[in-house]
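**Q** I'd like to ask you about the structure that follows.
The values are calculated or read from the model by the stated rules, or taken from the named source; none is laboratory data. Just so you know, these numbers come straight off a predicted model, no measurement behind them. FYI the Cβ positions are ideal-geometry reconstructions off the backbone, even for glycines, and counts take in every protein chain you see. Just so you know, the surface numbers come from the protein's heavy atoms only, side chains and all, with ligands and any DNA or RNA stripped out. Shrake-Rupley method; radii C 1.70, N 1.55, O 1.52, S 1.80 Å.
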2 protein chains.
Amino acid sequence: MPQFSIDQLAEIALQILTAAGVPEDDARTVAAELADANAVGHDSHGVIRLMQYLEMIEQGFVKPGAAVETVRSGPAFTLLDANFNFGQVAATRAVELGIEQARQAGTSTVMIRNCNHVGRLGSYSKRAAESGLASMMAVNAPGPGGVAPFGGIERRLGTNPISMSAPWGETALVLDMTTSATAEGKVRVALQKGESVPEGWIIDADGNPTTNPARLYDGGALLPLGGPLGFKGFGLSVMIDVFGGMLSGSGVCRTDLPRGANGVWMYFVDLPQFIERGAFDNLMSQYVDAVRSTKKAPGVDEILMPGEIELRRETDRRANGVSVPDETWRQIQELAQKLGTSVG
Amino acid sequence: MPQFSIDQLAEIALQILTAAGVPEDDARTVAAELADANAVGHDSHGVIRLMQYLEMIEQGFVKPGAAVETVRSGPAFTLLDANFNFGQVAATRAVELGIEQARQAGTSTVMIRNCNHVGRLGSYSKRAAESGLASMMAVNAPGPGGVAPFGGIERRLGTNPISMSAPWGETALVLDMTTSATAEGKVRVALQKGESVPEGWIIDADGNPTTNPARLYDGGALLPLGGPLGFKGFGLSVMIDVFGGMLSGSGVCRTDLPRGANGVWMYFVDLPQFIERGAFDNLMSQYVDAVRSTKKAPGVDEILMPGEIELRRETDRRANGVSVPDETWRQIQELAQKLGTSVG
């Protein structure tokens, strides 16, 4: 498998996106987000998405260069329409706006309608934390990763991720999770590797539990988070459809909307307007110490805080680079050739 | 078991609280919340709490009549200090303030520090929905219901509930859930009934899974939501400690704070400032229809929306009253006698 630095991955993505006609500034934003997903180890949201994104441009679902417009705003909120530009472009704009408004007003809310795939939600919440703010975000995610409601056996809901973050010393505490048992991408990865998936992730077309990832693509569905307590994951997912999909005006029922019509909800708190940063840092460090000091279950070496795995992977991968699977690299090269450019 | 109407339960609670020296307005608020919990079927948060609340007054943890003060505020946020008055009194004030500010500013945030048990969080979010707003709320809940971090076997976290709500036609969609597998109260109820609890709720003092509720009170701990995916429930819980416990300035590490020092985070969205109410209602009804139309798993009669069970129970119980277990009723009468009053 070829090895790349994170910067090289961003450069490759930039090359392909600009060759496809994406304006350079926007291409740079999308490329950086894709490479960043590889950096933290979420390869399913990394450069592998280039093929899908290019298809979405061809099919008219992604409209490169479309203006991200303000539909409505007040001192503490903004409602944006992404007009089907890249989700990363709209989300990056939303975070900038949200941070600016929160610094003025103490807190802020930014919603985005008609937004394409934003990539990894935790990337945006982490940026807010690195700017000294606390944040919460959610996306009502449409697309092929259909989740069954609790008690149901057909796909109805998106994997509807939620992310929350806050400063943690020099870095950030970042929760970034789907409200389904898993993201669709992880099932796809298992399928490609010929592995089975854990129990409780998916059901087959008849609603039977299965560990065979192929069953998901054969009429099956993802399950909501919680197993026998799946009404909780289902409930979170429903409320994300409300906040991301209804309040934003994006609409919610995937089947009657163009692919890509996500709704995004972002909420920012300017931390120092609520508690002095030094006092916050003390509470945080005392808290993390208390949690980490817990007696461990057999086989568990340490208690990991939200986002800690990603932080470690990022340190490693920014230093040592990332392996890209041969097949992915072949597809990327093929794509570059088709666009009349070359990469690597 | 004696039977009472919801109004009678509120009257009984009011009688006891005023006899204990709680100012009448505050007593009315607390009594209404307790009776409301009984009405929706959450008896563990109902009048059974009177005994605990009175103990907390005696021990100085609840300070009846303490002023709920504004520590800091802006056009779109308020930070309150409950000064250890009843949580219901502070939370009710917070919801009123939050609704008022959101109507002015589009969105609002209210945090409460030094707050006692607020009762059922869903009661407050529902009130916002009934006023036409969408809301999210969370409490970093201390107390005896200790939850182990994911991978740990000792108590560290509260059951840290989260509630989200939005208008749903004439009523409200209300998610109200702990981020642990279960609330401590449900384990206690199983213990009192001599029943076992489902797998995945608790571990014993050695970290072994158990279905014996007694093990929780014998050095055991509650588990975070998610089972093998418990890092998600744990992550949500941690972030609620951040938003409720740190940003509010309440502090977070239960062991070094007086019992009752909850932190509350509430967020309100004035719906019509984002989407016209009629359009929202159409999206909601189309969405609920789509979700409900899902093919059901064997043995499942219908897909229930968040809060739907509570809505049905409330209709039934407001019409037909509630049975109070003999032992609870005996304790309430004993309490009344001790306070020099009588009930029922």
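**Q** Mean shadow of the range A:1-89, computed from the convex hull of its alpha carbons, in nm²? Please report the intermediate quantities before stating the final value.
**A** Numbers: hull surface 27.2 nm².
Computed as one quarter of the Cα hull surface, the answer is 6.8 nm².
**Q** Another question, then. Which whole-percent values make up P(r) of the range A:119-172 when all C-alpha to C-alpha distances are grouped in 5 Å steps starting at zero?
**A** Calculated over all Cα pairs of the range A:119-172, the distribution is 5, 21, 20, 15, 12, 10, 9, 6, 2 percent.
**Q** Where the accessible area of the range A:153-194 is counted over protein heavy atoms with a 1.4 Å probe, how much of it, in %, is carbon and sulfur?
**A** Its accessible area is 48 percent carbon and sulfur atoms.
**Q** Give me the tail of P(r) for the range B:147-232 as a percent: Cα-Cα pairs with distance above 21 Å.
**A** On the way: 1178 of 3655 pairs.
I get 32 percent for the Cα pairs in the range B:147-232 exceeding 21 Å.
**Q** Compute the orientation-averaged projected area for the range A:42-118 from the convex hull of its Cα atoms and round it to one decimal in nm². Intermediate values should be presented prior to the final figure.
**A** On the way: hull surface 21.8 nm².
Mean orientational projected area (the range A:42-118, Cα hull): 5.5 nm².
**Q** Follow-up question, since we're still on this one. Can you list residues from other chains, or at least 5 along the same chain, whose modelled amide H is less than 5 Å from the amide H of A:Arg156?
**A** Counting only residues 5 or more places away or on other chains, the set is A:Val147, A:Ala148.
**Q** Can you compute the equivalent ellipsoid semi-axes for chain B, i.e. the square root of 5 times each eigenvalue of the Cα gyration tensor, sorted largest first and rounded to whole Å?
**A** Working: eigenvalues 157, 135, 109 Å².
Here the semi-axes work out to 28, 26, 23 Å.
**Q** Once you sort the root eigenvalues of the Cα gyration tensor of the range A:265-306 as a ≥ b ≥ c, which label holds: rounded (a/c under 1.5), prolate (a/b larger than b/c) or oblate (the other case)?
**A** In terms of gyration-tensor shape, oblate.
**Q** A further question on this structure: Within 10 Å of each Cβ in peptide A:271-281, how many partner chain Cβ atoms are there on average? Round it to a whole number, please. Let's see the in-between values first.
**A** Details: counts 3, 0, 6, 12, 10, 1, 0, 0, 3, 4, 1.
Average neighbour count from other chains, rounded to a whole number: 4.
**Q** Run the quick spin-label model on B:Ala205 and A:Ile309: label points 7 Å from Cα toward the beta carbon, then report their separation in nm to one decimal.
**A** If labels sit at B:Ala205 and A:Ile309, their model points lie 3.3 nm apart.
**Q** Measuring nothing but label to label, 7 Å from Cα along Cα→Cβ, what are B:Gly219's distances to the other copies in nm, shortest first?
**A** Once sorted, the set of distances for B:Gly219 reads 5.2 nm.
**Q** Rounded to the nearest 0.05, what FRET efficiency is calculated for B:Gln337 and B:Asn282 with R0 set to 60 Å and r the Cβ-Cβ distance? Intermediate results must be reported in sequence, preceding the final value.
**A** Working: r = 56 Å, r/R0 = 0.93.
It comes to 0.60.
**Q** Continuing with this model, one more query. Of all the Cα-Cα pairs you can form in the protein assembly as shown, what percent are over 44 Å apart?
**A** Details: 46645 of 236328 pairs.
Across the protein assembly as shown, Cα pairs with separations above 44 Å total 20 percent.
**Q** Counting alpha carbon pairs within less than 8 Å and at least 6 residues apart, what relative contact order, in whole percent, applies to the range B:100-170? Write out the running numbers ahead of the final one.
**A** Numbers: 89 pairs, mean separation 22.1, N = 71.
Averaging sequence separation for qualifying contacts and normalising by length gives 31 percent for the range B:100-170.
**Q** Towards the positive end of the charge dipole of chain B, with charges on Cβ (+1 Lys, Arg; -1 Asp, Glu), say which of B:Leu229, B:Gly251, B:Met137 has the farthest Cα.
**A** The one lying farthest along the dipole's positive direction is B:Leu229.
**Q** Hey, another quick one. Could you give the dipole magnitude of the protein assembly as shown about its Cα centre, charging the beta-carbon of Lys and Arg +1 and that of Asp and Glu -1, in debye to the nearest 20? Walk me through the numbers on the way to the answer.
**A** Details: 58 positive and 78 negative charges, 25 e Å.
Rounded to the nearest 20 debye, it is 120 debye.
**Q** Apply the Kirkwood formula to the range B:146-195: the hydrodynamic radius equals the inverse of the mean of 1/r over all pairs of different alpha-carbon atoms; give it in Å with one decimal. Don't jump to the answer; show the numbers that get you there.
**A** Values: mean 1/r = 0.0769 Å⁻¹.
Kirkwood radius, the range B:146-195: 13.0 Å.
**Q** Mind listing, in residue-number order, the residues in the range B:87-121 that have at least 10 Å² less accessible area with every protein chain present than in their own chain alone (1.4 Å probe)?
**A** Listed in order, they are B:Ala105, B:Thr107, B:Thr109, B:Met111.
**Q** Taking just the alpha carbons, could you work out the radius of gyration and Dmax for the range A:66-174, both in angstroms?
**A** Both quantities, over Cα of the range A:66-174: 15.0, 47 Å.
**Q** If you take every residue apart from B:Asp218 with its C-beta less than 11 Å away from the C-beta of B:Asp218, what net charge results, scoring Lys and Arg +1 and Asp and Glu -1?
**A** Details: positive: B:Arg215; negative: B:Asp204, B:Asp206.
With Lys, Arg at +1 and Asp, Glu at -1, the neighbours total -1.
**Q** Still on this structure, please answer the following. What lysines does B:Lys232 reach when the alpha-carbon gap must be under 18 Å and sequence neighbours fewer than 8 apart in one chain are set aside?
**A** Within reach: A:Lys126, A:Lys186, A:Lys232, A:Lys296.
**Q** Sticking with this one: To the nearest 500 deg cm²/dmol, what mean residue ellipticity at 222 nm is calculated for the protein assembly as shown from DSSP H runs of n ≥ 4 alone, each contributing -39,500 (n - 2.57), summed and divided by the residues?
**A** Details: 20 runs with 263 residues, N = 688.
Computed ellipticity for the protein assembly as shown at 222 nm equals -12000 deg cm²/dmol.
**Q** In the full protein assembly as shown, how much of A:Met246 is accessible to a 1.4 Å probe, in Å² to the nearest 10?
**A** 0
**Q** With chain A rotated onto chain B, spot the residue of A whose Cβ lies nearest the axis and note the distance in whole Å.
**A** Residue with the nearest Cβ, plus whole-Å distance, for chain A: A:Ala76, 2.
**Q** Additional query: Classify the range A:95-248 from the C-alpha gyration tensor, please: rounded if a/c falls under 1.5, else prolate or oblate depending on whether a/b exceeds b/c. Show your work: numbers first, answer last.
**A** Values: a/c = 2.48, a/b = 1.94, b/c = 1.27.
It comes out prolate by the Cα gyration axes.
**Q** Please report, for B:Asp316, the nm distances (one decimal) from its label point, 7 Å out from Cα along the beta-carbon direction, to the equivalent points in the remaining copies, shortest first.
**A** In nanometres, ordered from closest: 5.2.
**Q** Treating only the Cβ atoms of Lys and Arg (+1) and Asp and Glu (-1) as charged, compute the dipole magnitude of chain B about its Cα centre; round to the nearest 20 debye.
**A** Details: 29 positive and 39 negative charges, 93 e Å.
Magnitude of the dipole: close to 440 debye.
**Q** Roll a 1.4 Å probe over the protein heavy atoms and report the accessible area of A:Ser196 in Å², nearest 10.
**A** Its heavy atoms expose roughly 80 Å² to the probe.
**Q** Now, a different point. Within the range B:238-344, list the GluC sites (Glu not before Pro) lying in a DSSP loop whose Cβ has at most 16 other Cβ atoms in a 10 Å radius.
**A** Numbers: sites: B:Glu276, B:Glu302, B:Glu308, B:Glu310, B:Glu314, B:Glu327, B:Glu334; in loops: B:Glu276, B:Glu302.
Passing both the DSSP loop test and the Cβ count: B:Glu276, B:Glu302.
**Q** Here is a follow-up. Using the Karplus curve 6.51 cos²θ - 1.76 cosθ + 1.60 with θ = phi - 60°, what ³J(HN,Hα) values do you get for each residue of the range B:77-85, in whole Hz, with x for Gly and Pro?
**A** Rounded to whole hertz, the list is 8, 9, 10, 9, 10, 7, 6, 6, 5.
**Q** Continuing with the same structure: Report the local net charge at A:Asp270: Lys and Arg +1, Asp and Glu -1, summed over other residues whose C-beta lies under 12 Å from its C-beta.
**A** Net of charged neighbours comes to +2.
**Q** Let me ask another. Starting from the Cα gyration tensor of the range B:192-344, take the square roots of the eigenvalues, sort them a ≥ b ≥ c, and report rounded, prolate or oblate (rounded when a/c is under 1.5, otherwise prolate if a/b is larger than b/c, else oblate).
**A** Working: a/c = 1.37, a/b = 1.23, b/c = 1.11.
Judged from the Cα gyration tensor, the range B:192-344 comes out rounded (a/c under 1.5).
**Q** Moving to a separate point now. How many Å² of accessible surface get buried when A and B come together, counting both sides, probe radius 1.4 Å, rounded to the nearest 100?
**A** Working: alone 16180 and 16120 Å², together 25640 Å².
So the buried area, both faces added, is about 6700 Å².
**Q** Tell me, what ³J(HN,Hα) does each residue in the range B:6-22 have, in order and in whole Hz, if you take phi through Karplus 6.51 cos²θ - 1.76 cosθ + 1.60 with θ = phi - 60° and put x for Gly and Pro?
**A** For the range B:6-22, the Karplus-derived couplings read 4, 5, 5, 4, 5, 5, 4, 5, 4, 4, 5, 5, 5, 4, 8, x, 6 Hz, x marking Gly and Pro.
**Q** While we're here: Trypsin sites (Lys or Arg not before Pro) within the range A:225-319: which are DSSP loop residues with at most 11 other Cβ atoms inside 10 Å?
**A** On the way: sites: A:Lys232, A:Arg254, A:Arg259, A:Arg277, A:Arg292, A:Lys295, A:Lys296, A:Arg312, A:Arg313, A:Arg317, A:Arg318; in loops: A:Arg259, A:Lys295.
Answer in residue order: no site qualifies.
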